[in-house]
Structures are given as structure tokens and as C-alpha cells.
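Read-outs: derived from the displayed coordinates by stated rules, not from any lab. Note that the coordinates shown come from a computational prediction; the quantities given were computed from them, not determined experimentally. Every residue, glycine among them, receives a Cβ derived from its backbone with ideal geometry; neighbour counts consider all protein chains shown.
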Amino acid sequence: MESVIEGLQQVGLTEYEAKAYMSLLTDHMSSASALAKKSGVPRTKVYSVLESLQAKGWIVVYSGIPLLFRAVEPEEALVRVRRGYESLLAELSGALSGEAMAMKEKFVVLKHDIGLGGLKDELRSARTVQISNATADLVERLAPAIRPDAVVEVVLYPGERKAGRNDFRFREALVKVVCVMRNKEVPSSTVIVDEGRIFTVAEDPVEERYYVSEMLNDDCCGCLSGVFTMGWDGSKEI
């Protein structure tokens with residue numbers, strides 16, 4: 001009996017509703033007062049419980065004095081439950097697919113994998129360069145392409161050493177930002193050119209080459225720009 005009550009609760013009934021329905025199954029019809037005595041549902045709650053069961057399609061109400069109540073056959077009630085769940089799942093699937101698509105659209109890539117050489121070409125005329133979550137190796141590779149009069153701010157990946165040129169300003173991040181490549185976590189770096197164009201950079205741990213892509217969507221760019229700002233503002237210059 002208890003397991004059936006628990007099962008009915010799992011398909012949407014409350015404990016009192018489940019007890020009332022089970023009691024009605026053993027009677028052809030029952031009044032509210034008789035049902036309260038038999039089922040253990042408090043008299044003060046029995047009418048609200050029966051109204052809810054009727055709304056959910058589990059019982060039928062017959063007019064008269066007093067009102068009489070009859071349980072709907074289990075097969076009929078459960079078919080209605082199944083249809084309700086199927087409809088809910090279809091709506092939920094559509095909503096989740098929409099959310100997933102919206103998230104994918106936030107990370108639209110303007111230029112995919114232009115490589116480190118392509119990034120250097122973009123840096124040659126830049127007046128400001130901001131690099132977040134940078135490794136010493138990445139800074140050393142990019143430094144020759146950056147013009148001498150450019151303002152360069154670098155937030156280093158935790159534990160990385162200063163590298164590049166003495167005119168670069170360095171700070172060390174307090175939090176590691178990584179991406180997964182070939183089932184391995186590697187630093188995920190961001191290069192912001194002239195405070196507008198944003199590139200993501202990650203080194204393949206097997207091929208030992210950098211993958212560089214320019215991001216397009218404003219929401220994504222705003223997020224990556226925010227990561228640099230938080231890293232710069234939240235750490236001391238070294």
C-alpha cells in the first residue's frame with residue numbers, strides 16, 4: 001500500500017490525494033465525510049483534496065445531498081498522466097533546444113583558426129593590446145609583432161613568468177581559466193586588440209601549435225573582455 005501511495009506521488013498526486021484515491025478505488029461511491037474517516041485525510045482538507053483530484057482527472061463527482069465521489073479507473077487516469085507528461089516533455093524539449101541554440105549563437109566565430117601568424121598580422125598596427133590568461137611562451141611569440149609604442153597589458157596564467165619586452169605591464173591572475181583539448185586542460189587565453197577585436201588562443205598539447213579564432217558576437221566579446229578586466233583589476237602588478 002505504501003509503495004503505491006509513493007508511486008502515485010511520483011506521478012503528480014499529493015500524499016492526501018493518493019490516500020483519497022486509493023480509498024475510493026475500494027468503494028463504488030463515497031461521501032466526503034465517509035472518505036475522510038476511511039482514508040485518514042483530515043476532514044478540514046478532504047473537500048480541497050477531492051476538488052484537486054477532480055481537476056486532475058482522477059475522480060468523478062456526482063451532484064446530490066451529499067455529494068458523492070467515484071474513482072476513475074486506474075488505466076484511464078494513467079493514460080491521461082502519460083499524455084500530460086508527453087506534452088510537457090515535448091514543450092520542455094523545444095524550450096531546451098531553443099536555449100541551447102541561443103547559447104551557441106553567443107559564441108559565433110568570425111575567423112576560425114587563423115593561427116599565430118594570422119594573429120601577429122593583426123597585432124602589427126595595434127595601438128593597445130590586452131592579453132589575459134597568457135603563458136610566457138605565448139607572450140614571447142607575440143612580442144616581436146607588437147609595435148614599440150603600443151600599450152600592452154598582460155594578465156599571466158597563475159605561476160607563469162614575465163616574458164616578452166620590458167615595456168609590457170604584467171599582472172598575475174588569481175584564477176586559472178582553461179579549455180579542454182584532446183582531453184587535457186590547457187590555458188585559454190584572450191587577446192584584445194585596440195579594445196575592440198577579440199581573439200581566443202589555445203595551444204594544442206599534442207601538435208604544439210596554437211589555435212586562434214576571432215570572436216564576433218557582442219555578448220561573447222563582452223564576457224571575454226570582462227574576464228580580462230576582472231583579472232587585471234583583481235591582481236597586483238609584477
Roughly what would the spin-label model give for S93 and E15, points 7 Å off Cα along C-beta, in nm? 3.5
Charge sum, other residues only, whose C-beta stays under 13 Å from A20's C-beta, Lys/Arg counted +1 and Asp/Glu -1: +3
Rough spin-label spacing in nm, given labels placed 7 Å along Cα→Cβ, for D121 and V151: 2.8
Total charge dipole magnitude, the chain, about the Cα centre, Cβ charges on Lys, Arg, Asp, Glu only, Debye to nearest 20: 520
Between Q54 and E86, what's the calculated FRET efficiency when r is the beta-carbon distance and R0 is 25 Å? Round to 0.05. 0.65
What is the spread of the Cα atoms of segment 2-77 along each of their three principal axes, largest first, in whole Å? 34, 25, 20
I'm a student and want to see the number: the projected area of the Cα convex hull of segment 109-233, averaged over all directions, in nm². 7.1
Quick check on the chain: helices-only [θ] at 222 nm, where DSSP H runs of length 4 and up contribute -39,500 (n - 2.57) each and the sum goes over total residues. Nearest 500, please. -14000 deg cm²/dmol
Find me the longest stretch of the chain that has none of the exposed GluC sites (Glu not before Pro), where exposed means in a DSSP loop (not H, G, I, E or B) with at most 10 other Cβ atoms within 10 Å. 1-206
Expressed as a rounded percentage, what relative contact order does the chain have, with Cα pairs under 8 Å and six or more residues apart? 15
Would you kindly derive the ³J(HN,Hα) couplings of segment 127-143 from the backbone phi angles with the Karplus curve 6.51 cos²θ - 1.76 cosθ + 1.60 (θ = phi - 60°), listing them in order in whole Hz, with x for Gly and Pro? 8, 9, 9, 10, 10, 10, 6, 8, 8, 4, 4, 5, 4, 4, 6, 7, 3
Based on the Cβ-Cβ distance of D113 and K184, what FRET efficiency does E = 1/(1 + (r/R0)^6) give at R0 = 22 Å, to the nearest 0.05? 0.75
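What percent does the relative contact order of segment 109-233 come to when contacts are Cα pairs within less than 8 Å and at least six residues apart?
29
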Span-like helix ranges in the chain, DSSP H, alpha carbon extent 18 angstrom or more, Kyte mean at least -0.5: 43-55, 74-106, 218-233
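If you build the Cα gyration tensor of the chain and take the root of 5 times each eigenvalue, what three semi-axes come out, in whole angstrom, biggest first?
Taking √(5λ) for each eigenvalue gives 69, 18, 15 Å, largest first.
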Distance (nanometres) between label positions extended 7 Å along Cα→Cβ at E75 and E237: 8.1
Just need the relative contact order of segment 2-77 here, percent rounded to a whole number, with Cα pairs under 8 Å and 6+ apart. 29
